[in-house]
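Read the structure below first, then the notes.
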Amino acid sequence: MHEVDFGGSGAEIVLVHGLGGSTTNWEAVAPSLARIGRVRAIDLPGFGLTPPRGDFRLETHRRAVIAYLETMDGPFTLIGNSTGGLLSLMIAADRPDLIGRLVLVSPATPPVLPDPRLDWPTAIRLAIQATPLLGEMYGRHFIRSNTPEELVRKSLAMITHKPGRVPMELVESSREMARIRTRLPWAEHATARTATAIAAVYARRSAFVEMVRRVEAATLVVHGVSDHIVSPTAVEWLCSLQPEWELVQMDDTGHTPQMDAPLRFLSVVEPWLSPARAEAVGA
C-alpha cells in the first residue's frame, strides 16, 4: 500500500482519501497536523499509486486498511474523507481495538429522501457512475476524452465549492497524479466499481445503521454546507444515530474542506485532536 509519511511524533494519525482521490488530497493540511501527531496518508487499493487487490468491494478496501494499520502500534486516529470516512466507520465498528478517534470529513452517507438540499444533477451523475457496466463505460470515456489537466479541473469543480481557493501546489501534484493514473490499466474501472460497492452498502440501510451504532470511538464530523455530493441532510441524519458525536458544518465549503478551506479545516480539527482534549475524553 502506497503511503506518504508527513512526519511528526506522538499519536498515530492516518489519512484516508475519498472516491477517485489519493494522498495528494491531504497535502494542504497534513504538514500542520504533524504538529500534533505522527501523520501518514495512504492510497486505497486501485487508487493513487496502490495497485488493486483483486476486486473493489468495500470489504476488500477495509481489510487492506486494517492490514496496513496492523503493521504499526495503535490506537490510531483515522481521518477519512467521503469514501474514506465510510471505510473509517466500518473499521471502527469492527475493530475498536485499533481506533481511538475518528474525524469524518463529508463521510459517504446514504441519502435521506425527500431532501430539498440534495443536488440532483450530481446525484444522477453518481447514480450513473455506480451502475454496473454503465459506470465503467462512463469512467473510461471521462478519462480518455480529457487531458490530465482537464480531469483535475473538472474533478475540483465537483468536489470543492470554490476551486480557485485550492493551493496551486496541490493542484499541480493532482495533475501529476492524473498523468500517472492515465497509464495504469486499472484506473478506468477503479472508481466505477468502488461506487457500485458503495451503492450496495447504501441499499442495506438497516445494516448501515447497526454498523454506525457499534462505533465506540470519539468522533468529530466535519462537513461543508455547500457539498454537492453528500447532502447536509444526510450528514445530520448520520450524526443523529450517535448523538454524542460532534458535528461542525463549514459554510462556503464543499465536499473536500481540507482542499478548498484548509486553514479553516485545521482550525476545527487541530484543537479537537490536541493532546489535552484527547486526555479529557479518554482517547
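The values are calculated or read from the model by the stated rules, or taken from the named source; none is laboratory data. These figures come from a predicted structure and were not determined experimentally. Note that we place each Cβ from the backbone using ideal geometry, even for glycine, and neighbour counts take in every protein chain shown.
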Residue match in segment 22-44 (condition: crowded, with 23+ Cβ neighbours inside 10 Å, of a type outside the set (A, V, I, L, M, F, W, C) and farther than 26 Å from Glu270 by Cβ): no
Verdict on Ala157 being under 16 Å from the mean Cα position of the chain (by Cα) and of a type outside the set (Phe, Trp, Tyr): no
Looking only at segment 1-19, and only at residues there that are touching a residue at least 40 places away in the same chain (Cβ under 8 Å), surrounded by fewer than 24 Cβ atoms within 10 Å (Cβ to Cβ) and of a type in the set (Gly, Ala, Ser), the one that is nearest to Ile198 (Cα to Cα): Ala11
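Only one of Gly85, Gly100 is part of a strand (DSSP E or B) and touching a Pro at 6+ places or on another chain (Cβ under 7 Å). Can you tell me which?
Gly100
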Evaluation of Ala178 against (1) more than 20 Å from Gly254 (Cβ to Cβ); (2) in a helix (DSSP H, G or I) (one fails), failing number: (1)
Cβ pairs under 9 Å, 6+ apart, first in segment 254-269 and without any contact (Cβ under 8 Å) to a residue 12 or more places away in the chain, second of a type outside the set (Lys, Arg): Leu263/Ala28; Leu263/Val29; Leu263/Ser32
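Conditions tested, residue by residue: (1) crowded, with 20+ Cβ neighbours inside 10 Å; (2) touching a strand residue (DSSP E or B) at 6+ places or on another chain (Cβ under 7 Å); (3) at pLDDT 95 or above.
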| site | (1), (2), (3) |
| --- | --- |
| Glu172 | no, no, yes |
| Ile180 | no, no, yes |
| Ser206 | no, no, yes |
| Val225 | no, yes, yes |
| Glu244 | no, no, yes |
| Met250 | yes, yes, yes |
| Thr253 | yes, yes, yes |
| Met259 | yes, no, yes |
| Leu263 | no, no, yes |
